[in-house]
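All remarks here apply to the structure that follows.
The values are calculated or read from the model by the stated rules, or taken from the named source; none is laboratory data. Nothing here was measured: the structure is a model prediction, and the numbers come from that model. Cβ: placed from backbone, ideal geometry, glycine included. Neighbour counts: every protein chain shown. Heads up: the accessible areas ignore ligands, DNA and RNA and are worked out on the full protein's heavy atoms, side chains in. Shrake-Rupley method; radii C 1.70, N 1.55, O 1.52, S 1.80 Å.
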Amino acid sequence: MKKMKQLLSSDLIKPLFKEFNIGLEKESQRITPTGDLASTDHPKKIGSRDSHPYIQTDFSETQMEFITPVFDSSEETLRFLGALHDVALRSLEEEERLWPLSMPPVLPKDDCDIVIAKLSDQGDVNYRRYLAKVYGKRKQMVSGIHYNFEFSNDLLEALFREQKEETSFEAFRTACYLKASRHYLRYRWLVTYLFGASPYAEEGYFFKEPANEPVRSFRNSHFGYTNRPEINVSYESIESYVADINGLVDKGDLIEAKEFYSAVRLRGTKDIDELLTKGVSYIELRNIDLNPYAEYGITMETLNFLHVFMMTMLWLDETDTPADELLKTGTILNEQVSLENPLEQTKNKEEGLWLLKEMQEMAAKLNVSVDYQEVIEASRQALESPENTLAAKMVLDSRTNQELGIELGNEYREQAFSKPYQLSGYRHMELSTQILMFDALQKGVKVEVLDENDQFLQLSYQGKSEYVKNANMTSKDSYIVPLLMENKTVTKKVLAKAGFRVPAGKEFSTMEKAEQAYDLFANKGFVVKPKSTNYGLGISIFKEGASFEDYQQALRIAFKEDTDLLVEEFISGTEYRFFVLDGQTKAIMLRVPANVVGDGKSSITELVAEKNKDSLRGTHHRSPLELIQLGEIEQLMLKEQGLTVASIPIQDEVVYLRENSNVSTGGDSIDVTDEMDETYKRIAEEAVCAIGAKICGIDLIIPDKNLPSQKSDKTYGIIEANFNPAMHMHIYPFKGTSRRLTTDVLHLLFPTLID
């Protein structure tokens, strides 16, 4: 591997060196509010751990493992880990939490109370029983993070073309990973120094306490979960690596290859022998302690450091020191650093400063981002001042280790439940999409976000994939169906021909023609709305006619949303949203128009501001309820009532700010599914069938929901059909029963999905 620095610094390869792929695996113990190990089984709400792609069980029944997909950025990986945390915390039973530290909480005195994971595969259970016998159950309870790292294939291919030492790409790629692994094992002590975070061991971990003094990382020392000292494997070549592990298995020193617990594992396929033919495709770093001060156990800064550290491991020139000697030195130094007092200067300071200088020089030549330069400088400062290390922060914390774990565990649980309708990492996406992603992750459906701005997902389960847009636009509806529903005129014609009652009206494409038709509507109730719209935008309702000026203003508002508009008769009654999926009415919502209730002293502006403080209210469909506005439409509504935004309603007076009752325009949502007469459900279902839709939100005006009806009756009117009906208002209603429509969508897409 000659001239590696020169190759990596070339204008052709330099941009590729910054590209990479990573995935994270994180373990956490489930605990009670008082910090004891949970006594319950793996959460029932989470899909089968035997096949779940993201949430599984590690050694014990209480030890959850979170596995992210592979991403090409640290940001994406951390976001997905955050989403898995949200899913796990909201799926736990009996107010359980996740223990945020690497070293376990106070463990039971009796080993029998540490329950091995109750897996269905007896082979997996037997393997864990073997581990318990050889290493003891208590060491198995330690948790951490595994950092799976892959240099970009484009980088490795470009390097391969420029070198002459290896003739096959697979051999060259493997040589690169072996070099990076050797250097990592030699210099990993710096990672332990900076990010070691297990200075204490709680009662029950040791049968005999080694000392009362804090250390940097029990987990990364021989007191942690490591192989016996005599287990040694060479990283000189892939042949020696595979031969040594197989030899240890043959001699009975390891029961399987996966029992080799080095800080670095060479990874490819599950069969270690295939490394000889297919080569190494990535490496797994296993010595990262959980950061208890980070909500998900690791920070963006740590991930940035690990990335630039791995770049440096390939960048560094190799010495003539034999690989085995290099690894032996690395093991000794890491043990020393692991057991140092976190508040004292490390004996390896000078080597650490040299290594960070190499990292800085590499960063300068490669023009890496400021974020990377900052973590290198922060690491240098931590070498100079050990109190800036993570272990030192824990030692200086006024709380005991147990108190720290309990309090932070409680804090992270509260954060997960503060807005249970949102999904961590993806809170900027549309709310129904967030909830669908939550349900999919919980049930073990693979989720890939294809386009965040367009709310486009790919969901996969048992080998089948489905594409979903806006949480309920799926392949189950043909291309023409949303277009039909988007066009209000076409929707009305289709429904009218099928025998359903729809409001009479006219369509206009110019302001002039719409104004000329004013006399047709002036003295009766009517509605002005854009021809193609959603979320209730641009709609004005006049129950008893309107002045020409108000009519003109309503036209202008509608034309802002579309090039064509409809003026329709106003059908008296209460508006209900029926959510129909696959021919069945799954939910019915009564939506109360945006309103405020007077207190006799506050203006309407002040009342709106106060009501908008509700945590359920937000904007852009990221909360179950939308903020109430005081725009043109609301002020027009107030004018009809002889009010302005400065008016002060009397005590308990209800002032409506909108005629239309859409939640998207500040309305309140009330579930009435069980109260609605069944005949209206049948009408809604038949109407959706007539449109040809699988998923539809259809709006009916009904004067009396308890009075039975038939399709041909005038006891109802269908005013609109929506191809992308919001589901979050049914799931988190202002009042009434929650209807988990996102789960219904998943079952429609994947009929074999198990709750």
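Rolling a 1.4 angstrom probe over the range 74-144 with all protein chains present gives an accessible area of which 48% lies on carbon and sulfur atoms. Accessible surface area normalised per residue over the range 417-508 is 43 Å², counting heavy atoms of protein chains with a 1.4 Å rolling probe. If a spin label sat at a point 7 angstrom from the Cα of Lys601 along the line to its beta carbon, the backbone N atoms of the range 639-681 nearer than 16 Å would be those of 648-653. Which angle between 0 and 90 degrees, to the nearest 10, do you get for helix 122-135 versus the longest principal axis of the chain when only C-alpha atoms count? Approximately 40 degrees, to the nearest ten. With all protein chains kept in place, the per residue accessible area of the range 597-641 amounts to 50 square angstrom at a probe of 1.4 angstrom. Per residue, the accessible area of the range 210-368 comes to 43 Å² when a 1.4 Å probe rolls over the protein heavy atoms.
Given R₀ = 25 Å, what would the calculated FRET efficiency be for Asn341 paired with Ser385, taking r from the Cβ atoms and rounding to 0.05? The formula returns an efficiency of 0.95 here.
Helix 169-187 and the longest principal axis of the C-alpha atoms of the chain enclose an angle of approximately 70°. Cross-linked pairs Lys492/Lys513; Lys529/Lys586; Lys139/Lys270; Lys639/Lys735; Lys464/Lys586; Lys14/Lys347: Cα-Cα separations exceed 32 Å for Lys14/Lys347. Between the C-alpha center of the range 519-559 and that of the range 666-732 there is a gap of 23 Å. Here the label points at Lys493 and Thr167, each 7 Å from Cα along the C-beta direction, are separated by 7.3 nm in the simple model.
Over all other residues within a Cβ to Cβ distance under 13 Å of Tyr127, the charged ones net out to -1, with Lys and Arg as +1 and Asp and Glu as -1. Helix 74-89 and the long axis of the chain differ in direction by around 70°, with both axes built from C-alpha atoms. Set against the labelled values (1) 30.8; (2) 38.4; (3) 34.1, mean projected area of the Cα convex hull in nm² computed from this structure falls on (2).
Under 17 Å from a label point set 7 Å out along the Cα-to-Cβ vector of Asn523, the amide N atoms of the range 537-552 belong to 543-548. In this calculation the C-beta distance from Ser240 to Asp755 is compared with R0 = 45 Å, giving a FRET efficiency of 0.35. Carbon-plus-sulfur accessible fraction, the range 518-652 (probe radius 1.4 Å, protein heavy atoms only): 49%. Charge tally for Met64 (other residues, Cβ to Cβ under 14 Å; Lys, Arg +1; Asp, Glu -1): 0. Among the trypsin sites (Lys or Arg not before Pro) in the range 646-730, those placed in a DSSP loop whose Cβ has at most 10 other Cβ atoms within 10 Å are Lys714.
When only alpha carbons are used to place a centre, the range 48-113 and the range 301-316 end up 26 Å from one another.
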